[in-house]
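For reference, the structure discussed in these notes is given below.
Just so it is clear, none of the values below were taken in a lab; they were calculated from the coordinates. Because the structure is predicted, anything quoted here is derived from the model rather than measured. Virtual Cβ from ideal backbone geometry, glycine too; neighbours counted across all protein chains shown.
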Amino acid sequence: MIGIFGGTFDPVHNAHLRVAEHLLHAMQLSEIRFVPCNIPVHRDQPGASPAERVTMLQLATKHEKRFVVDDCEIQRQGRSYMIETLEHFHQTLSEPLSLIMGYDAWNHFDHWHRWEDILTLANIIILNRPGHEIILTRPLQTFKDRIHIIEETYFDISATRIREALAQHHATELQQLLPRPVLTYIQEKDLYQ
């Protein structure tokens, strides 16, 4: 089973990596593909360019051979739709797929482009924060065997908080939130200022 971890990764941070490391073992995934989107459909445009976000992901994931940075959405250009990404992987990869998403993304999943088709191509791993209830609406009940909910305490870092800390030059906090090579890259490139 291959985990597909999509997002803006603007920037990639320690919670992304901790969650991915946890899921490798908890869900017995053979690898996790980090897929930075080109143009997000459901959120603001990233502050860093696609190339910068790919570089940050490569720096952050080089310690784990089962982490793969895949820029297929950037190469495809235009708006990034997960269904197109999963169709691509379905044709090019031989293993089953699991789409990794946070509970906030899940809450809007039924507004995603061709969401029903997504559930035919991949299992869903929902990262839920303790205290939040994941509700499967009636249309999603049909797919409940393909949906796995993981109570995740690591996912308490937000990219918004990181960008604020960067703007305010909170060095100590940033060292706890970001992988060191990513922080160095951001500082060298003067990103998010």
**Separation in nanometres of the label points that stand 7 Å from Cα toward Cβ, at Glu87 and Ser158** = 3.4
**Item:** Point-charge dipole on Cβ atoms (K/R +1, D/E -1) for the chain, about Cα centre, debye to 20
**Value:** 120
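So what are the chain's ellipsoid semi-axes, whole angstrom, largest first, if each one is the square root of 5 times an eigenvalue of the alpha-carbon gyration tensor?
Computed over the chain, the values are 27, 18, 16 Å.
How much length is gained if the chain between Arg76 and Ser30 is pulled fully straight, taking 0.36 nm per residue apart and subtracting their Cα-Cα distance, in nm to one decimal?
Details: separation 46, 0.36 × 46 = 16.56 nm, distance 2.52 nm.
Residue separation times 0.36 nm, minus the Cα-Cα distance, leaves 14.0 nm.
Rounded to the nearest 500, what is the 222 nm mean residue ellipticity of the chain from helices alone, with -39500 (n - 2.57) per DSSP H run of 4+ residues and division by all residues?
Values: 10 runs with 82 residues, N = 193.
My calculation for the chain gives -11500 deg cm²/dmol from helical runs alone.
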**Request:** Using a Gaussian network model of the chain whose springs link C-alpha atoms within less than 10 Å, name the residue from Val41, Val54, Val68 with the highest mean-square fluctuation.
**Result:** Val41
**Asked** What is the sum of charges around Ile118, taking Lys and Arg as +1, Asp and Glu as -1, for the other residues whose C-beta is under 13 Å from the C-beta of Ile118?
**Response** -3
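Within the P(r) computed for region 1-110, what percentage of the Cα pairs occupies the region above 16 Å? Intermediate values should be presented prior to the final figure.
Working: 3396 of 5995 pairs.
Cα-Cα pairs of region 1-110 separated by over 16 Å account for 57 percent.
Multiply the residue gap between His148 and Asp190 by 0.36 nm, knock off their C-alpha separation, and tell me the result in nm, one decimal place. Please list the in-between numbers first.
On the way: separation 42, 0.36 × 42 = 15.12 nm, distance 3.90 nm.
Length difference between fully extended and current span is 11.2 nm.
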**Asked** Can you give me the Cα centroid spacing of region 27-82 and region 142-181 in angstrom?
**Response** 15
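Full extension from Asp104 to Arg18: what is 0.36 nm times the residue separation minus their Cα-Cα distance, to one decimal in nm? List each step's numbers first, then the result.
Details: separation 86, 0.36 × 86 = 30.96 nm, distance 1.81 nm.
Here the segment from Asp104 to Arg18 would lengthen by 29.1 nm.
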**Complete:** Between Ile135 and Asp44, the FRET efficiency computed from the C-beta separation at R0 = 30 Å comes out, to the nearest 0.05, as 0.70
**Request:** Would you mind getting me the FRET efficiency between Glu116 and Gln168? Use the beta-carbon distance for r and R0 = 41 Å, nearest 0.05.
**Result:** 0.40
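Over region 56-193, what relative contact order in percent results from Cα pairs under 8 Å that are six or more residues apart? List each step's numbers first, then the result.
Details: 114 pairs, mean separation 29.9, N = 138.
Value for region 56-193: 22 percent.
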